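See structure below.
The values are calculated or read from the model by the stated rules, or taken from the named source; none is laboratory data. From a predicted model like this one, the values you see are computed outputs, not experimental measurements. Neighbour counts are summed over all protein chains in view; Cβ atoms, including those assigned to glycine, are modelled from backbone coordinates with ideal geometry. For accessibility, only protein heavy atoms count, side chains too; no ligands or nucleic acids. Shrake-Rupley method; radii C 1.70, N 1.55, O 1.52, S 1.80 Å.
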Amino acid sequence: MSGQPVSFGGLARQIVNEGIVSAEVMQRAITDAQMEKITLISYLVTKKLAKADKVAWVIAREFGDSLFDLDSLDPDMIPKDIIDEKVVRQFSAIPIYKRGSRLFVAMSDPTRADALEAIRFGSRLAVEAVVVEEDKLAKLIERQYEGGMSTADFSGFGGDGDLDVETESTDDKNTGNDVSGAEEAPVVKFINKMLIDAIRMGASDLHFEPYEKTYRIRYRIDGVMREVARPPVQMANKLSSRLKVMSQMDISERRMPQDGRIKLKVSKTKAIDFRVNSLPTLYGEKIVLRILDASSAMLGIDALGYEPAQKELFMAALDKPQGMLLITGPTGSGKTVSLYTGINILNTVDTNISTAEDPVEINLEGVNQVNVNVKTGLTFAVALRAFLRQDPDIVMVGEIRDLETAEIAVKAAQTGHMVMSTLHTNSAPETLTRLRNMGVPSFNIATSVNLVIAQRLTRRLCPACKQAVDIPAASLKEMGFTDEDLATGFKVYQPVGCSECRDGYKGRVGVYEVMKVTPEISRIIMEEGNAIDIADASRRAGFNDLRRSGLDKVMQGVTSLQEINRVTGTE
């Protein structure tokens, strides 16, 4: 095509003249964009033929307007109800500000007269286009309409399409379903959207919460609760009934808590499990769904955030033929993922592994997993006794809750078995004293426990927008940094928030206290020393506590001081 006259004009010609793309690339882009029925600007950016900021700069200059940075926009100030979501998505244009009878609309291609006319007609306002970058615009639209649904959105649902949910044959327990007929379709569609949005947004939990005059739905994303929808309070019973039907609960029982499970097939080869619990509250049933994604257990140890020395201690403990490996931390601190990571490393064809869990969260091929059921008498202690009669190499107990379970686990660790389990304590040293307080003899603790890991999950700073902050050296030393740390010249970063993230954070990483039971620590245990004595010995042995490990993450630029203060309980 070189040497031939260029047949395009306007913005396309200007983009070529600026040298952002060649004439040949532009000609193909125009043709392909028309075939894909998307705008030229969107095609150039999504296909990575041109950078969004350069294209936006050319457009802004062409129109004699300044380029607006969407990163500086407060999303809460967006007037979402003025334009229907369908119009926003169809024309890739979103209102960002209303002043009197004028509506300012963010667009990457202000030449689209059809978009401006549709928005003008729908809003009954004078419309003015504001030039923005295509990639930031697409992310803003996705964030604004990913989960939040108003009463109008809810009532406007149509159709009764269902998700592919694997269920067992139903029985009489589902009689009494009050989600039926014409009312069923919007409820089904709404629940489907909530489940799919939760998976797409990386949520770990969904909360459906009824109150006297309102009903709200929240997701827990990166450990923080976020409200995503407020359907009409009149739909509370229908929503809870639909969720209970999907999770095989008794929908006629509304006075007692129930547990259920949903298996949602998202493709021919992948399914996502939801662990469901209902709880009768003052104004109806609160239902919480926990997303159990098996891929989280297959991440591998390198993805969990262990420091090299901590990883070495963990792998060495897994390599031992017998003894106990204990993981501790509050609910939601990632203990299950750490346990499953260890199990996956040990899961070979020549190893017999049995686990007792309450409940089994993720199915692992090649591992004999048992669901604890207290109602039928199948407790952790009962399951553990049975395991020891089945020639095990490795035993995993979901949690040590009582003396009976602790004693059996200790005996198993002393008789040639590798035992992995969890406790709920705040630190690694406190785990050892907790076992003693349960009634386990000090000698048995000292001779059976090989390694204790205390952990927390902290949010990662978004690499695209994190910002260095200047903190005086004296203040840093008060927070726990040493002179040696300060000599490295590290930078402390703080969250900002951009189109790549929500509030300056993106994902989570583990912070760990990995403590090997050394001869000195064993001696302190047998002398019935307290957690402070054990912690002092741990520091002398060179094992970082949670606070120190968190400060290392700050020095690496992975997270912020605010996050470390939050997860380690230090203000």
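Could you work out how far the C-alpha centroid of the range 20-66 sits from that of the range 187-211, in angstrom?
36 Å
Semi-axes, largest first, in whole Å: what does sqrt of 5 times each Cα gyration tensor eigenvalue give for the range 446-564?
Taking √(5λ) for each eigenvalue gives 34, 17, 9 Å, largest first.
Can you tell me the relative contact order of the chain? Whole percent, Cα pairs under 8 Å, sequence separation 6 or more.
After rounding, I find 9 percent.
Determine the calculated [θ] at 222 nm for the chain from helices alone, applying -39500 (n - 2.57) to every DSSP H run no shorter than 4 residues and normalising by the residue count; nearest 500 deg cm²/dmol.
Per the formula, -10500 deg cm²/dmol.
Using the charge dipole of the chain (Lys, Arg: +1 at Cβ; Asp, Glu: -1 at Cβ; taken about the Cα centre), state which of 15, 64, 38 has its Cα farthest towards the positive end.
Sorting the options by dipole projection puts first 64.
Once phi is turned into θ = phi - 60°, what whole-Hz ³J(HN,Hα) does the Karplus curve with 6.51, -1.76 and 1.60 give for every residue of the range 424-440, x standing for Gly and Pro?
9, 9, 8, 8, 5, x, 5, 4, 5, 6, 5, 4, 5, 5, 5, x, 6
How much FRET efficiency would the formula 1/(1 + (r/R0)^6) give for residue 80 and residue 47, where r is the Cβ-Cβ distance and R0 is 30 Å, rounded to 0.05?
0.55
With +1 on the Cβ of every Lys and Arg and -1 on the Cβ of every Asp and Glu, and nothing else charged, how large is the dipole of the range 453-571 about its Cα centre, in debye rounded to the nearest 20?
Dipole size: approximately 600 debye.
If you average the sequence gap of Cα pairs under 8 Å that are 6 or more apart and divide by the length of the range 357-437, what percent do you get for the contact order?
After rounding, I find 23 percent.
How far apart, in nm, are two points set 7 Å out from the Cα along the Cα-to-Cβ line at residue 101 and at residue 351?
Label-label distance for residue 101 and residue 351, simple model: 7.4 nm.
Using modelled amide H (1.01 Å from N, peptide plane; none on Pro or chain starts), what sits under 5 Å from the amide H of residue 471, excluding residues fewer than 5 places away?
When sequence neighbours closer than 5 places are left aside, there are no close amide H contacts.
Under a 5 Å amide H to amide H cut-off, with H placed in plane at 1.01 Å, what residues pair with residue 304 once short-range neighbours are removed?
none
Inverting the mean 1/r over all pairs of different Cα atoms, compute the Kirkwood radius of the range 193-235 and quote it in Å.
Here the Kirkwood hydrodynamic radius works out to 10.6 Å.
Rounded to whole Hz and in sequence order, give me ³J(HN,Hα) for the range 197-203 from the Karplus expression 6.51 cos²θ - 1.76 cosθ + 1.60, θ = phi - 60°, writing x for Gly and Pro.
Ordered by residue, 3J(HN,Hα) equals 4, 4, 5, 5, 8, x, 6 Hz.
For a Förster distance of 41 Å, can you work out the FRET efficiency between the beta-carbons of residue 185 and residue 303, rounded to the nearest 0.05?
0.50
Divide, for the range 332-411, the radius of gyration over alpha carbons by 2.2 N^0.38 Å, where N is the residue count.
Values: Rg = 12.2 Å, N = 80, 2.2 N^0.38 = 11.6 Å.
Compactness ratio reported: 1.05.
Just to be sure I understand the model, the point goes 7 Å from the Cα along the line to the Cβ. What's the resulting residue 37 to residue 488 distance in nm?
With each label point 7 Å from Cα toward Cβ, the separation is 5.5 nm.
How many nm separate the modelled label positions at residue 237 and residue 22, each set 7 Å beyond the Cα in the direction of the Cβ?
6.9 nm
So how strong a dipole does the chain carry about its Cα centre when Lys and Arg Cβ are +1 and Asp and Glu Cβ are -1, to the nearest 20 debye? Mind dumping the intermediate values first?
Details: 70 positive and 79 negative charges, 140 e Å.
Here the size comes out at about 680 debye.
Amide H of residue 94 versus every other amide H placed in the peptide plane: which residues, excluding those fewer than 5 positions away on the same chain, fall under 5 Å?
Residues meeting the criterion, in which the H sits 1.01 Å from N, are 106.
So, for the chain, what is the accessible surface per residue at a probe of 1.4 Å, expressed in square angstrom?
In whole numbers, the chain has 48 Å² accessible per residue.
Cut-off 17 Å, label point 7 angstrom out along Cα-to-Cβ of residue 283: give me the residues of the range 185-210 whose amide nitrogen falls inside.
Those under the cut-off are 207-210.
Taking 0.36 nm per residue of separation and subtracting the Cα-Cα distance, what length does fully extending residue 414 through residue 540 add?
Result: 42.6 nm gained on full extension.
Pop the C-beta distance of residue 365 and residue 71 into the FRET formula with R0 = 56 Å and round what comes out to the nearest 0.05.
Once rounded, the FRET efficiency stands at 0.80.
Do you know the relative contact order of the range 186-327, to the nearest whole percent, from alpha carbon pairs under 8 angstrom that are 6+ apart?
In percent, rounded to a whole number, it is 19.
At 1.4 Å probe size, with the rest of the protein present, what percent of the exposed accessible area of the chain is carbon and sulfur atoms? Could the numbers behind the result be given before it?
Details: 13570 of 27490 Å².
Heavy-atom surface of the chain belonging to carbon and sulfur, 1.4 Å probe: 49 percent.
For the peptides 320-327, 484-491, what is the packing order when you average, over each peptide's residues, the other Cβ atoms within 10 Å and list the highest mean first?
Details: 320-327: 20.1, 484-491: 11.2.
Highest mean packing first, the order is 320-327, 484-491.
Output ³J(HN,Hα) for the range 515-528: one whole-Hz value per residue in order, computed from phi by the Karplus curve 6.51 cos²θ - 1.76 cosθ + 1.60 with θ = phi - 60°, and x for Gly and Pro.
Karplus values, whole Hz, x for Gly and Pro: 10, 7, 7, 7, x, 5, 5, 4, 5, 5, 4, 5, 8, 6.
In bins 20 Å wide, starting from 0, what share of all Cα pairs of the chain does each bin hold, as a percent?
The calculated distribution, bin by bin, is 17, 41, 32, 9, 0.
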